[in-house]
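Quick note: the coordinates plus some simple rules give every number you see, no bench work behind them. Please read these numbers as outputs of a predicted model, since none were measured by experiment. All Cβ positions, glycine included, derive from the backbone under ideal geometry; neighbour counts span all protein chains shown.
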Amino acid sequence: MLHNAAIVTIVVTIALAFAGYLVTFFSARMLARRRDKLRLVNRRLNEFYGPLYVASQAGNIAYRALLDKQGKEQCHPILDSEMKEWMLWMTTIFTPLNDIRERIIIEKAYLIVEEQMPQCLLDFVTHVVGYKAVLAKWAEGDLGERRSSIGWPPEFDGYVERSYAFLKAEQTRLMHGAVWRAWHRVFREKGK
């Protein structure tokens, strides 16, 4: 009888040790995956979507400020009396911001969330390229063209904003476990 108890004790000890090993192994794997995902999310935010979002917000604020200054709802048509102001804003504000966004999209395209390049990003780059031709003509004194022949992609700003918000939420989720989120939610609700 004592012999059977010793065998059971040994088997249970080995089973518990093995179970402990499995828990440690899978826990370490889960933490490594979580760390890798967080690293990728942080890169996407720091190198692509964050700078793209800030430059887009700044461009939108500047564009609305110009429209308010001119008392308009949209920039076109650009009247002869507005051309000097339009050229100033294009060359000193809009083009530098567009160049930043274009460079981010071209140089950091590998960080996009989707498997395929979103069409609105391609459309944005072609819009910027169209303005480069317009600015070159302006530099030569030809003011016949006032805008890029390739229009602003209407989905661009929404895409950038949604992607940035999604990644910020994902970053928070990965940085903080379920217990922290539940605790935070409870105390945030009590503070309201």
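Over segment 2-191, what is the relative contact order in whole percent, taking alpha-carbon pairs under 8 Å and six or more residues apart?
With pairs under 8 Å counted, the relative contact order is 28 percent.
Using a simple charge model, +1 on the beta-carbon of Lys and Arg, -1 on the beta-carbon of Asp and Glu, nothing else, what dipole does the chain show about its Cα centre, in debye to the nearest 20?
1300 debye
Note the count of lysine pairs whose C-alpha atoms are less than 19 angstrom apart in the chain, limited to pairs 8 or more residues apart or on different chains.
7
Projecting each Cα onto the charge dipole of the chain (Lys/Arg +1, Asp/Glu -1 at the beta carbon, about the Cα centre), which of L66, Y49, W86 comes out farthest on the positive side?
Y49
How big is segment 2-191 on each of its three principal axes, counting only the C-alpha atoms and giving the largest first in Å?
104, 40, 21
Helix-only mean residue ellipticity at 222 nm, the chain, DSSP H runs n ≥ 4 weighted -39,500 (n - 2.57), per residue, nearest 500. What is it?
-24500 deg cm²/dmol
With everything on Cα atoms, drop me the angle between helix 2-43 and the longest principal axis of the chain, reported from 0 to 90° to the nearest 10.
The angle comes out at about 10 degrees.
All other residues with a Cβ under 13 Å from the Cβ of M90 taken together, and with Lys, Arg as +1 and Asp, Glu as -1, what is their net charge?
+1
Against the longest alpha carbon principal axis of the chain, how many degrees, from 0 to 90 and to the nearest 10, is the axis of helix 95-107 turned?
Once rounded, one gets 40 degrees.
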